[in-house]
Amino acid sequence: MKRDVAIVICSRGREDYLARLLDDVMRAFAPALERGGISVCTFVYAQNYARSYLDGLNGRFAAEIASGRLVLVEAVGPHDQIGYVVSRAIAELHARVNYRLAILMDDDSLYRADPEIDSHLLKAARDFLDHDDRAYSIKLGPGRQLEYWPFIDPEGPVMPFKEKMIWVSQAVMAEALAFQPFATLSVGEDAALAALAWRGGAERCYGVFGIATFLHLGFENDGDAVTPPIAGGYGELVAYVETQGEQPELGKYGAAYRAGIVPAMILPEIFVGPDHPHYYINGIRPEAVALYGHPDTRFQKLDRVG
């Protein structure tokens, strides 16, 4: 199956949120792209769901599954590392879909469409496909003017990660799958994926502001966005426990950072180590910025701004 865009959702035990997101994608997000001639497939890698729930999704979205707009893959067994989850999802995706860009989408995202938002989403997606770049880190805010910026900030370099979502080429996804340490990650798979994209061509990676489509964890509160931790998901996978003594910079990933494998361990030439204040937010070594391309030199293609 060939598609321009593959929407990739790794979801673990969040029945209400996954169903809501699939409704949003099928009703509004995918049609906004399809109206512009962009072909879309939504790929769900589902773990820790009851058989009855998955059967219900298969029935509810039978038409979409039959048409190839939705592919629902059940994990064959439990996974205990987020890197392995994503690696298995990529392998299953590549066995089924040939695509140009993958959108890594959180299962607790919301989509609130209107004509202006739909138009900006379509324009951004068309820009991405036309320019054939490696990766886009989508940063969403209240403004709706599309802006393209460096992938990292040289003044306080922090690797962009899936705060809202990251869009990457199929080539980058294949590189992550082939990079064996990726599958060992306990946390930070989105930052590692961004780093692999950037390392392979900094001049073809961008941060994009102003699409303003997704609401997530209270970032843009419309009354439905969630602010407290929610059940299920990868917080449980990394042994998330609310404690009064938790370091605030660690949040729900404290156990993973103390005892697991994080991006700085598998890509030490890019990420700062545990003695650096940016360690917990995936700080970038200044040497890596110099080695892989300073973002100030990469703005010869910015005919896309505005």
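The values are calculated or read from the model by the stated rules, or taken from the named source; none is laboratory data. Source: prediction; values computed, not measured. Quick reminder, even Gly has a Cβ in these numbers, built from the backbone with ideal geometry, and neighbours come from all protein chains shown.
A few comments on the model shown:
- Helices (runs of 4 or more DSSP H) fully within segment 78-189 counting 1 or more residues that are free of Cβ contacts under 8 Å to residues at least 12 places away in the same chain and hydrophobic (A, V, I, L, M, F, W, C): 170-178
- Of the listed requirements (1) at pLDDT below 95; (2) under 16 Å from the mean Cα position of the chain (by Cα); (3) within 14 Å of M165 (Cβ to Cβ), L18 misses just one: (3).
- Look at (1) in a helix (DSSP H, G or I); (2) free of Cβ contacts under 8 Å to residues at least 40 places away in the same chain; (3) under 19 Å from the mean Cα position of the chain (by Cα) and you find that L54 fails only one, number (3).
- Each residue in segment 16-46 was checked for being within 20 Å of A102 (Cα to Cα) and either part of a loop (DSSP other than H, G, I, E, B) or touching an Asp or Glu at 6+ places or on another chain (Cβ under 7 Å) (or both), and 12 of them qualify.
- With respect to the stated conditions, Y49 is among the hydroxyl-bearing types (S, T, Y) and part of a loop (DSSP other than H, G, I, E, B).
- Just one of the listed residues (W149, W198) is more than 25 Å from V25 (Cβ to Cβ), modelled with pLDDT of 85 or more and not small (G, A, S), namely W198.
- A28 falls short on exactly one of the conditions (1) more than 18 Å from the chain's Cα centre (by Cα); (2) aliphatic (A, V, I, L, M); (3) closer than 21 Å to Y136 by Cα, and that condition is (3).
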